[in-house]
Amino acid sequence: MVESQSSRWQPAGRWAITNGRLILSDRVAVGQAVIIEGERILALDDEGALGDMARFDAGGHYVSPGLVDIHTHGALGHTFNEPSDVAFGAITRENARRGVTSLLATVTTGPLADMVQCIEYGEQWMRRQHAGAEVLGIHLEGPYFSLAQRGAQDPANLRTPDDGSADLLLRQPRALRIVTLAPELPGALELTSRLARLGIVAAAGHSDAQDSQVLAALQRGLRHMIHMWSGQSSTVREGPWRRPGLLEATLTFEGFTAEIIADNRHLPPTLMALAYKCLGPDRLCAVSDATNGAGLPEGTRFALGDVECQVEDGVAMLLDGTSFAGSTTLLSQMVPILIKAVGISPVEAIRMASLTPARVIGADDRKGSLAGGKDADLVLFDDSWAVWQTLIRGQWLGIPSDRE
């Protein structure tokens, strides 16, 4: 973009983004323009075929589809467990500033009545227009988890799926896009079937399941695995026998999609590369799992429910240092880690943060790629993979404050 062109440049009618390196689902394209009309991408076309159409000069930057984070809890001291305009607004605006144009508001384990209230509030939020990242639905992470694999989930509020509480949590099924549970718990198979019938993605996590229990859940409709290596059982010995766990099932069984928290803290590059090698960019997506510590200074203390945490060494940590408590890195900040530390190509790294997560939740008809008919959600990255500008539903949000 030339210096005289404002970050708020917003023409009426049909216009085009030109002079960018377009990150498509299979290649980086130059000499192509993204033509936008209203809130939608109209088409891609050669720059020479635009005639006198109004143009936005991308200045040679990468032009990427807007990022889609299907597992994010919060930012700037707030979480989606706070059913308020202040919390939802702060989190969605910060994500938009960082190139995340749509997300799932991820609600973690808490008192049952509070979780129900958060789901109901999220459904109301989705019915209104807002300036930040679009909330595509709720990801309910809990309360049906293994005590041993709970991580930072509040143990006082863990439940089993057979206790009747699912009836309350599923009162607003249209708002729910993912429900994560431990498939070995009593009633988990029945709940998995119920979620599948409702069109809600049944996911496994915070689980001590063995591979046979995972296979049984797969046959009932289990489709997704959250944050690999975090809260996942692995191989154990029973006498002379080795019993594979949730991790090995994730790496081996066909039919699953899965997540990695690509902050270079939860997983070292070798493990991220292993997940990529086993699942590939069409089944593996990057997620932030960002907590309310995202965007806060090092050493800041914050609470996840009744669990005290701290921003330490670029990650959220329990005060006793025994477990991570989610990340403090938003999704766009993970893109350069995937590219530079893990060695994934820019095209596939962006796909893991846009089209693949959109496909997991069935939103790929509107989100996740630069294609005609999709929402005009775009991100412009510079050569260091820092976000330069964000476009949501055809509207520029402006330059991120740390680059002004």
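Derivation of every value follows stated rules applied to the coordinates shown; laboratory data play no part. Source: prediction; values computed, not measured. Cβ: placed from backbone, ideal geometry, glycine included. Neighbour counts: every protein chain shown.
Sorting GLU254, GLU37 from the fewest to the most surrounding beta carbons within 10 angstrom yields GLU254, GLU37.
Using R₀ = 22 Å, calculate the FRET efficiency as 1/(1 + (r/R₀)^6) where r is the Cβ-Cβ separation of SER84 and ARG174; round to 0.05. Taking R0 as 22 Å, the efficiency between SER84 and ARG174 is 0.55. Comparing LEU246, LEU271, LEU176 in a Gaussian network model of the chain where C-alpha atoms under 10 Å apart are linked, the largest mean-square fluctuation is found at LEU271.
Using the alpha carbons alone, the radius of gyration of the range 67-360 stands to its Kirkwood radius in an Rg to Rh ratio of 0.93. Centre-to-centre, using Cα atoms only, the range 214-267 and the range 108-133 are separated by 29 Å. Under a 5 Å amide H cut-off, with hydrogens placed 1.01 Å from N, SER323 pairs with LEU318 among residues at least 5 apart or on other chains.
Quick one: pull the percentage of alpha-carbon pairs in the range 299-396 with a separation above 23 Å. List each step's numbers first, then the result.
Details: 2086 of 4753 pairs.
Across the range 299-396, Cα pairs with separations above 23 Å total 44 percent.
Just want the ordering: SER323, SER354, SER212, SER146, from fewest to most Cβ atoms lying within 10 Å of their own Cβ.
Details: SER323 16, SER354 33, SER212 11, SER146 21.
Lowest to highest Cβ neighbour count: SER212, SER323, SER146, SER354.
Build a GNM of the chain with springs between Cα atoms under 10 Å apart, and of ARG93, ARG171, ARG21 the one that fluctuates most is ARG171.
Under the definition of Cα pairs under 8 Å and six or more residues apart, what whole-number percent is the relative contact order of the chain? Present the calculation step by step, with values, prior to reporting the outcome.
Working: 997 pairs, mean separation 83.3, N = 404.
About 21 percent, as a whole number.
Ranking THR329, LEU279, LEU304 by Cα position along the charge dipole of the range 257-335, where only Lys, Arg, Asp and Glu carry charges on their C-beta atoms, puts LEU279 farthest toward the positive end. When we measure straight from the Cα of LYS340, which aspartates and glutamates land under 17 angstrom away, once same-chain ones fewer than 8 places off are left out? Once the sequence-local aspartates and glutamates are set aside, what remains near LYS340 is ASP263, GLU348, ASP382, ASP383.
Computed from point charges on the beta carbon alone (+1 for Lys and Arg, -1 for Asp and Glu), the dipole magnitude for the chain about its Cα centre is near 680 Debye. Highest GNM mean-square fluctuation among ASN292, ASN264, ASN95, for the chain modelled with Cα contacts below 10 Å: ASN264. Considering all C-alpha pairs of the range 51-204, those separated by over 25 Å amount to 34%. Projecting label points 7 angstrom from Cα along Cα→Cβ for GLN117 and ASP383 puts them 5.2 nm apart.
Taking R0 as 35 Å, what's the FRET efficiency between ALA131 and LEU50 from their Cβ-Cβ distance, rounded to 0.05?
On the way: r = 29 Å, r/R0 = 0.83.
Result of the calculation: an efficiency of 0.75.
Got a sec? How would VAL179, VAL100, VAL347 order by Cβ neighbour count within 10 Å, fewest to most?
Lowest to highest Cβ neighbour count: VAL347, VAL179, VAL100.
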